Amino acid sequence: YWTSLDSSLPMKLAGVEVPAGYYFLTLEQRDAKTFILALHDAAAVKKLKMDAYVADRLKGGIEVPLTHSTHDDVVVETLSIQLRIKPADQDHGTFDIEFGTHLLTAEATVALPK
């Protein structure tokens, strides 16, 4: 099934506006240094009757550039996707994807209600 993101709050990932909503996620490596996380409206994807097996055929969505780095001494055995908010700020942190020796990250800001 699709890897998804469900948020009741709007946020910015790597400076890109992400409205509150339910998204299916795709990840693309466009070249040696460019990684793009795309967030696709889940309801629209369901109308297309597309399964995650053919995710490479899905185009568009909200595109978020990710920064790539590697762990030299750690191997992450299970794919991990986390929104890590700094406790002192409560609305700033990072959106991280980890697998193997790879870390893909984007600065994250959550729009908290007043």
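The values are calculated or read from the model by the stated rules, or taken from the named source; none is laboratory data. Predicted model, so just to flag it, every value in this text is computed and none were measured. Note that each Cβ is placed from the backbone with ideal geometry, even for glycine, and that neighbours are counted across all protein chains shown. What goes into the accessible areas is simple: the full protein's heavy atoms, side chains included, and nothing from ligands, DNA or RNA. Shrake-Rupley method; radii C 1.70, N 1.55, O 1.52, S 1.80 Å.
A few remarks follow.
- Neighbours by Cβ (under 8 Å, 6+ apart or cross-chain): first from segment 46-65, at positive phi and free of Cβ contacts under 8 Å to residues at least 40 places away in the same chain; second buried (at least 16 other Cβ atoms within 10 Å of the Cβ) and of a type in the set (Asp, Glu): Gly61/Asp41
- The residue list Thr26, Thr67, Thr34 contains one member that is touching a helix residue (DSSP H, G or I) at 6+ places or on another chain (Cβ under 7 Å), under 24 Å from Thr109 (Cβ atoms) and polar (S, T, N, Q), which is Thr26.
- The residue that is farthest from Met11 (Cα to Cα), among those in segment 28-67 that are among the hydroxyl-bearing types (Ser, Thr, Tyr) and either open to solvent by 60 Å² or more (accessible area, probe 1.4 Å) or in contact with an Asp or Glu (Cβ under 8 Å, 6 or more places away or on another chain) (or both), is Tyr53.
- In the condition set (1) assigned to a strand (DSSP E or B); (2) within 19 Å of Glu107 (Cα to Cα), Glu77 is compliant with all but (2).
- Residues located in segment 89-114, provided they are within 17 Å of Thr3 (Cβ to Cβ) and loosely packed, with under 14 Cβ neighbours inside 10 Å: Gly100
Residue-wise test of (1) out of contact with any Lys or Arg (no Cβ under 6 Å at 6 or more places or on another chain); (2) assigned to a helix (DSSP H, G or I); (3) over 19 Å from His102 (Cβ atoms).
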| residue | (1), (2), (3) |
| --- | --- |
| Trp2 | yes, no, yes |
| Lys12 | yes, no, yes |
| Lys33 | yes, no, no |
| His40 | yes, no, yes |
| Ala43 | yes, yes, yes |
| Gly60 | yes, no, yes |
| Val64 | yes, no, no |
| Thr67 | yes, no, no |
| Asp72 | yes, no, no |
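- Residues being open to solvent by less than 70 Å² (accessible area, probe 1.4 Å), modelled with pLDDT under 90 and not hydrophobic (A, V, I, L, M, F, W, C) - total across segment 69-88: 1
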